[in-house]
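Please read the structure below before turning to the comments.
The values are calculated or read from the model by the stated rules, or taken from the named source; none is laboratory data. Quantities reported herein were computed from a predicted structural model and do not represent experimental measurements. Note that each Cβ is placed from the backbone with ideal geometry, even for glycine, and that neighbours are counted across all protein chains shown. Ligands, DNA and RNA are excluded from the accessible area calculation, which covers all protein heavy atoms including side chains. Shrake-Rupley method; radii C 1.70, N 1.55, O 1.52, S 1.80 Å.
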Amino acid sequence: HAEGPSKFHPHSPITDMAGRKKIMADRRESLGLSSLSNQVFRKATKKGFEFCVMVAGESGLGKSTLVNTLFLPDEVLEEEITPGPAHERIEKTVEITPRVFQIIEKSVQLRLTIVDTPGFADAVDNENCWDPIVQYIDRAYEVFLQDENKVDRTKIKDDRVHALLYFINPSGRGLKPLDIIAMKALHNKVNIVPVIGKADMLTKAELKTLKENVMQQIKENQIQIFVPGMEEDTDEEEYIATLELSSAIPFAVIGSNTVLDVGGKQVRGRQYKWGVVEVDNNDHCDFQRLRQMLVRTHLQDLKDITTEVLYENWRKEALASNPNMSVCPSVRPSEHNLSTIPGTPSYEREAVFDQEAELLRRHEQMKRDLEEQQRMLEEKRRQFEEERRRYEEAAHKMRSQTQAVHESAA
């Protein structure tokens, strides 16, 4: 060659280590690996995200107001009414009311599910009042497990609870016995985020004391709560921000969607005779820190812990106690329209339909076989009862005749 051998030629004169490293770097750059993150981002943005938040605590602590302030959904959740006299609270039960909202921000879609628990800790006898919450979480895990074992898994909805905002009464000195028992029943199933509602009732000194008491009780009772974690490559700024979030637990929050004018600035807050409490002011409450942790910095961490730790532990225990739980009848092929999925060949759709039809046929056959076996057992039981009745009648008749013969002989 007139210009000398190519740098990629096997007999290239470049033999020094620096030259070889440069060539290998050029080759790696040509692969385009740096664009993989952009591809994942575009795909995730197009698909959208799912997040489920449950709120629990006594009535009148501002749970619905806080949720409206956090996410600002189009449909405003109504605030629960403080319970009335004792005779109206004797039969009070916990009701689980999930609501789904679609939130869009800069082309990013979030399917937000808010699960409210009105009636929690409102009855005179609150024994086992946390059971409906545990059952709801278990049921969400069970539905997700069944969806994972279906033939078609393209439309799985993640309705598992990723975070539980547990509201603590600010008028107490810490956690109540009911709070401790309920949190211990839930901490192995969901990420618990302790929240002190209506924190504007307390002074800064009182709030500091309450936080210290709550954290001490959580530690003494070995209650597992969600604490923001840090990666190995965390920079100094992120490290400081994470420490600030961790030190703010339990979050002292104030909820309000009322916009007030403070010094010519529009702020959300509550107006009192002595001044204004600003919701978004870190000096007044921890609302900004809570929203930052839930949405901006640790939303994916909450989902990852739910999937990789809490759900996996539940799944292992459930399958160990009931191996047949993962076996569920397939849905009918008509319920899934694979023809709407782009790039799905017709022969693949037909194969999926055939598999679903075969599974459905086998399920129906097993069902018929079980019904037939049950019918045969019932028939055998009826025949046995009839034979036993005839035997008892014959035995009774024979005993009567024998007794009559003895009496006549005497």
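Taking a sphere under 11 Å around the Cβ of L260 and counting the other residues whose Cβ falls inside, with K and R at +1 and D and E at -1, yields a net charge of +1.
Identify the trypsin sites (Lys or Arg not before Pro) of the stretch 248-299 meeting these criteria: DSSP loop state and at most 14 other C-beta atoms within 10 Å of the C-beta.
Values: sites: K265, R268, R270, K273, R289, R291, R296; in loops: K273.
The qualifying sites are K273.
I'd like to check one number: the per residue accessible area of the stretch 229-281, probe 1.4 Å, reported in Å² as a whole number. Provide the component values of the computation, followed by the final result.
Values: 3410 Å² over 53 residues.
Ligands and nucleic acids excluded, the figure is 64 Å² per residue.
Residue pairs exceeding 24 angstrom between C-alpha atoms, taken from K184/K211; K204/K273; K46/K155; K43/K63; K176/K303: K43/K63; K176/K303. In terms of packing, defined here as the mean over residues of other Cβ atoms within 10 angstrom, the peptides 247-259, 101-113, 301-313 line up highest first as 247-259, 301-313, 101-113.
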